[in-house]
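The values are calculated or read from the model by the stated rules, or taken from the named source; none is laboratory data. Just so it is clear, the structure is predicted and the values come from calculations on it, not from any experiment. Counting neighbours? That spans all protein chains shown, and the Cβs are built from the backbone with ideal geometry, glycine included.
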Ligand SMILES: NC(=O)c1ccc[n+]([C@@H]2O[C@H](COP(=O)([O-])OP(=O)(O)OC[C@H]3O[C@@H](n4cnc5c(N)ncnc54)[C@H](OP(=O)(O)O)[C@@H]3O)[C@@H](O)[C@H]2O)c1
């Protein structure tokens, strides 16, 4: 995949899937804006690694659940890198609880961080991309957005929302040569899933035909393809990367 000369903003790129996407796109030649919420040290480490590859990189702090911060983040990325070709909306959180025990703040925080953030960031980025008449938007949903999961009504709703949002804007933006696709990861080994008990992890593993958990790089490889010219006839799609868990 050749992304030389392209610039990318990746939300939640200090850790996990976002970090792997940042490193993979940089390895493929892109310059990267690394968004983070609170882990400055980790974000700066990602920036250092990218610069060592000979690419430009900048760390941009922003809580993407807040519209003003998301807009400022997009502006900072464009100013620092001289443009924006690729946006990966990856930042996300869980606040799991059965419905009966789910607090309003668990609902609001997850919906704002996982879904409203995608609206805020995409709207700001698309204003720029429309003028350039090109762009790639890659939104990270989850298989849970399609199947649902007990204890994750808020998370599942946010991830299903990303699918509807992405398909709608894929239709709106196709004429401007802005392609919008969704990656739906299955179980990927990151801080988000490390909090599960061994019993929960074993139960999930038994449902994965490929017999292993996913790695952040499994998602990053697809993100690099979706960011590249090779995927130029692909828009409005939801692609699961889940080891065959939900065929
Ligand atoms: N892991 C999985 O199995 C899995 C499966 C399906 C979908 N996903 C989705 O993939 C995405 C990445 O997940 P992950 O497993 O890599 O998570 P993770 O390891 O917990 O990392 C989350 C990232 O999001 C950032 N973040 C959180 N809240 C933010 C906010 N308000 N503003 C800006 N950044 C924020 C964090 O920044 P800080 O480091 O600064 O806190 C961190 O970089 C999420 O959308 C998640 O729902 C994950």
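Considering only residues of segment 24-48 that are in contact with a helix residue (DSSP H, G or I) (Cβ under 8 Å, 6 or more places away or on another chain) and within 13 Å of the ligand (Cβ to nearest atom), which is nearest to residue 77 (Cα to Cα)? Among those residues, the one meeting the criterion is 33. Among the residues making up segment 171-191, a single one is crowded, with 19+ Cβ neighbours inside 10 Å and part of a helix (DSSP H, G or I): 173. From the list 124, 59, the lone residue that is within 22 Å of residue 20 (Cβ to Cβ) and crowded, with 21+ Cβ neighbours inside 10 Å is 59.
Checked against (1) surrounded by fewer than 24 Cβ atoms within 10 Å (Cβ to Cβ); (2) within 16 Å of the chain's Cα centre (by Cα); (3) without any contact (Cβ under 8 Å) to a residue 40 or more places away in the chain, residue 15 passes all but a single condition, namely (3). If the condition is being in contact with a helix residue (DSSP H, G or I) (Cβ under 8 Å, 6 or more places away or on another chain) and either loosely packed, with under 11 Cβ neighbours inside 10 Å or farther than 12 Å from residue 17 by Cβ (or both), then segment 192-221 contributes 196, 201, 211, 212, 213.
If the condition is being within 18 Å of residue 187 (Cβ to Cβ) and more than 9 Å from the ligand (Cβ to nearest atom), then segment 5-20 contributes no residue at all. The requirement of being at pLDDT 95 or above, surrounded by fewer than 17 Cβ atoms within 10 Å (Cβ to Cβ) and in contact with a strand residue (DSSP E or B) (Cβ under 6 Å, 6 or more places away or on another chain) is fulfilled nowhere in segment 20-41; no residue meets it. Exactly one residue among 165, 120 is at pLDDT 95 or above, within 11 Å of the ligand (Cβ to nearest atom) and part of a helix (DSSP H, G or I), and that residue is 120. Beta carbons closer than 7 Å, at least 6 apart along the sequence or on distinct chains, never pair a first residue in segment 107-128 that is under 21 Å from residue 84 (Cβ atoms) with a second that is more than 9 Å from the ligand (Cβ to nearest atom) and at pLDDT below 95. Looking across segment 67-81 at every residue that is touching a residue at least 12 places away in the same chain (Cβ under 8 Å) and farther than 13 Å from residue 10 by Cβ, the one that is surrounded by the fewest Cβ atoms within 10 Å (Cβ to Cβ) is identified as 75. Residues in segment 46-65 that are within 29 Å of residue 109 (Cα to Cα) and without any contact (Cβ under 8 Å) to a residue 24 or more places away in the chain: 47 only. Considering only residues of segment 133-151 that are assigned to a loop (DSSP other than H, G, I, E, B) and crowded, with 22+ Cβ neighbours inside 10 Å, which is nearest to the ligand (Cβ to nearest atom)? So, considering only residues that are assigned to a loop (DSSP other than H, G, I, E, B) and crowded, with 22+ Cβ neighbours inside 10 Å, the one nearest to the ligand (Cβ to nearest atom) is 142. With respect to the stated conditions, residue 110 is in a helix (DSSP H, G or I), within 14 Å of the ligand (Cβ to nearest atom) and touching a helix residue (DSSP H, G or I) at 6+ places or on another chain (Cβ under 8 Å).
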